[in-house]
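Read-outs: derived from the displayed coordinates by stated rules, not from any lab. All values derive from a computational prediction rather than experimental measurement. Counting neighbours? That spans all protein chains shown, and the Cβs are built from the backbone with ideal geometry, glycine included.
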Amino acid sequence: MPALVLLGAQWGDEGKGKATDLLGGSVDYVVRYQGGNNAGHTVVVGDQKYALHLLPSGILSPGCTPVIGNGVVVDPSVLLSELSGLNERGVDTSKLLISGNAHIITPYNVTVDKVTERFLGKRKIGTTGRGIGPTYADKINRVGIRVQDLYDESILTQKVEAALDVKNQMLTKLYNRRAIAVGQVVEELLDYADKLAPYVADTVLVLNEALEQDKVVLFEGGQGTLLDIDHGTYPFVTSSNPTAGGACTGAGVGPTKISRVIGILKAYTTRVGAGPFPTELFDEDGEALRRIGGERGVTTGRDRRCGWFDAVIARYATRVNGLTDFFLTKLDVLTGWEQIPVCVAYEIDGRRVEELPYSQTDFHHAKPVYEMLPGWSEDISKAKSFSDLPKNAQAYVKALEEMSGAPISAIGVGPGRTETIEINSFL
Ligand code: GDP
Ligand code: IMO
Ligand code: MG
């Protein structure tokens, strides 16, 4: 059982943090392979609640080595404050490894994220404002700053100069902002160098050697399939590849090493930020899902948009990720509805469509076709096995499994580690 990928099957916030933490005790490495501190992963261990943004959720499992892979974008100030916050709570973070090839979110990337969103006005993406898109843009434009650059002042200065050359023109002439001084940025970045030095490593070598030795490596995705820059609802997406292939490029591990791809799937749907969302609810059901599910962003504190389960999306996630399993989360939130609508297909301009349309225009016009499934009223939060669930909850899970195209191997019935029904073992 070498490498597993655990990723979001919808628009993020599916419960990846909880699922990763659950497996963290049984794996040797947990690796973030993309995204940055736009992620917000909540993990509940006993009576303790942790909100992780940049650190892999495996950091809470003492036997596990957490790794920030080359595909991640790192804001050093956020990373250091997350580390010190955990240290203050008695969590040992000394095993952390950070790829020298990971790109740094500089202060000017954060500024550019905020001003471009403001400039887009009503066409804005609703980003988290953490500098994610501009940092990946710099990476692709080959003017990015990497972690390893912090250890060569001359190279760092040249690279910051190159990056600010165009940006300062843009900031001053287009956005009416003050220019950013190269020296100030370099000074701030150099200040992080010593603090990060103990963690910086050749993570590609470490992970591949670990796999050679039959160690278990878990790749933890940020965001979700429909936020993927290639496979998501572009342009209302993030700027990286949360889908399974991203684990290979974002960690430097070949696809032949990956034997299991687990999609985390909420029993209903949520989305933060702008963009199409066919099953979105604007009524009291949406309000109830938000309230009962606690659907408020961990990173930005924004209310999440809520809607019913969308099987078209789930099937799409199975396809583009090659999912072997689903981990269905938050089934407990649906307790109390007499009937639960599930979107089985879309109606687009009078036609019934079973699969996600590749055309953005069509997707914007998609209306959900619902099937009503009978609900349950019994408290399921103490259920330990599938047979403990009421018959209608069992039927709901089975129906979702049938529609989604991969087995549901675990079910979340509460936020805590132990509030999970394991059906098939992941390891
Ligand atoms: P992530 O970004 O995918 O890690 O998900 P978030 O942490 O942003 O949002 C998921 C929320 O649901 C968190 O507050 C979790 O503690 C909570 N959660 C996860 N699984 C379950 C579950 O099965 N039931 C309930 N009630 N809450 C859950
Ligand atoms: P986790 O890992 C939900 C959304 C933002 C915005 C879009 C682009 O907790 O599931 P960005 O700042 O990435 O350029 O914003 O992506 N977004 C998320 N939505 N969960 C996340 O992470 C998200 N990370 C980014 O709201 O719509
Ligand atoms: Mg989240």
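Mean-square fluctuations from a GNM of the chain, with a 10 angstrom spring cutoff on Cα atoms, peak among N101, N176, N38 at N176.
Look at the dipole of the chain built from charges on Cβ: of F277, A39, V147, the Cα furthest out on the positive end belongs to F277.
Considering only beta bridges that DSSP places wholly inside region 263-422, some 70 percent are antiparallel.
Candidates L211, S409, H365 compared by Cα position along the dipole of the chain: farthest toward the positive end lies H365, with charges placed on Cβ.
DSSP finds beta bridges in the chain, and of those with both partners inside it, around 40 percent are antiparallel. Here the 3J(HN,Hα) profile of region 361-368, calculated from phi with Karplus coefficients 6.51, -1.76 and 1.60 at θ = phi - 60°, is 4, 4, 5, 5, 8, 5, 10, x Hz, Gly and Pro shown as x. Scaled to the globular estimate 2.2 N^0.38 Å, the Cα spread of region 55-160, given as radius of gyration, is 1.21.
Once you sort the root eigenvalues of the Cα gyration tensor of region 13-62 as a ≥ b ≥ c, which label holds: rounded (a/c under 1.5), prolate (a/b larger than b/c) or oblate (the other case)? The shape class here is oblate.
When the alpha-carbon atoms of region 263-422 are used, the pair Rg, Dmax equals 15.4, 46 angstrom. Computed from label points 7 Å out along Cα-Cβ, the spacing between S81 and D47 is 2.8 nm. Taking amide H atoms as placed 1.01 Å from N in the peptide plane, the amide H of G126 lies under 5 Å from those of A274, each 5 or more residues away in sequence or on another chain. Highest GNM mean-square fluctuation among T256, T93, T128, for the chain modelled with Cα contacts below 10 Å: T256. Computed over the alpha-carbon pairs of the chain, the distance histogram in 10 Å steps reads 5, 22, 31, 25, 13, 4, 0 percent, short to long.
Dividing the mean sequence gap of close Cα pairs (under 8 Å, 6+ apart) by how many residues region 112-212 holds gives a relative contact order of 20 percent.
Rounded to the nearest 20 debye, the dipole size of region 103-194 about its Cα centre is 880 debye, using +1 on the Cβ of Lys and Arg and -1 on the Cβ of Asp and Glu. Of the trypsin sites (Lys or Arg not before Pro) found in region 118-179, the ones in coil according to DSSP and having at most 11 other Cβ atoms within 10 Å of their Cβ are R142, R178. Using a cutoff of 8 angstrom between alpha carbon atoms and counting only pairs six or more residues apart, the relative contact order for region 263-422 works out to 25 percent. Our coupling estimate for region 95-104, obtained by passing each phi through the Karplus curve with A = 6.51, B = -1.76, C = 1.60 and θ = phi - 60°, is 7, 3, 10, 10, 5, x, 8, 5, 8, 9 Hz, Gly and Pro reported as x.
For region 198-245, the fraction of C-alpha pairs more than 12 angstrom apart is 68%. Dipole size of the chain about its Cα centre, with +1 on Lys/Arg Cβ and -1 on Asp/Glu Cβ: approximately 780 debye, rounded to the nearest 20. Remark: spin-label model distance Q169-E378 equals 6.9 nm, labels positioned 7 Å along the Cα→Cβ axis. With a Förster radius of 25 Å, plug the Cβ-Cβ distance of E371 and E280 into 1/(1 + (r/R0)^6) and report the FRET value to the nearest 0.05. With a Förster radius of 25 Å, E is 0.90. When the chymotrypsin sites (Phe, Trp or Tyr not before Pro) in region 258-309 are filtered for DSSP coil states and for at most 15 other beta-carbon atoms within 10 Å of their beta-carbon, the remaining sites are F282.
Using a simple spin-label model with pseudo-atoms 7 Å out from Cα toward Cβ, I155 and A137 lie 2.6 nm apart. In terms of Cα atoms, the Rg and Dmax of region 103-194 work out to 13.2, 42 Å. If you filter region 328-367 for chymotrypsin sites (Phe, Trp or Tyr not before Pro), then keep DSSP loop positions with at most 11 other Cβ within 10 Å, what is left? In loop regions of region 328-367 (DSSP not H, G, I, E or B), the sparsely surrounded chymotrypsin sites (Phe, Trp or Tyr not before Pro) are Y358.
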